[in-house]
1. When the chain is modelled as a GNM with alpha-carbon springs shorter than 10 Å, which of SER29, SER44, SER16 fluctuates the most?
2. Among (i) 1.12; (ii) 0.97; (iii) 1.02, find the value of Rg/Rh (Cα atoms, Kirkwood Rh) that was calculated from the structure presented, and write down its label.
3. State, as an integer percentage, the relative contact order of the chain based on alpha-carbon contacts under 8 Å between residues 6 or more apart.
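Please treat every number below as a calculation from the coordinates, not as lab data. Since we're looking at a predicted model, the values are computed, not measured.
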Amino acid sequence: GGKTFDSDMPPFEFLSDDEIAAVIGYVRSSWGNDALNTDGMAVSAADVAGLRDEAMTPEDVHAYRQSLQ
């Protein structure tokens, strides 16, 4: 923790919606995260499909992350 990285997130276009939903579920419930246990919401393939066309630039991601702090 506490490390800052200055690079772009690689695209995951080659993964299916099911595979991306599985990765998100894994991250949300690993390394001490318990998001799946606290909000009861799992990310579905349909959720991923609905967001596929909403690409964000690195600047968009940075601005969004700043809004979360």
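1. Its mean-square fluctuation being the largest, the pick is SER29.
2. (ii)
3. Once normalised by length, the contact order is 30 percent.
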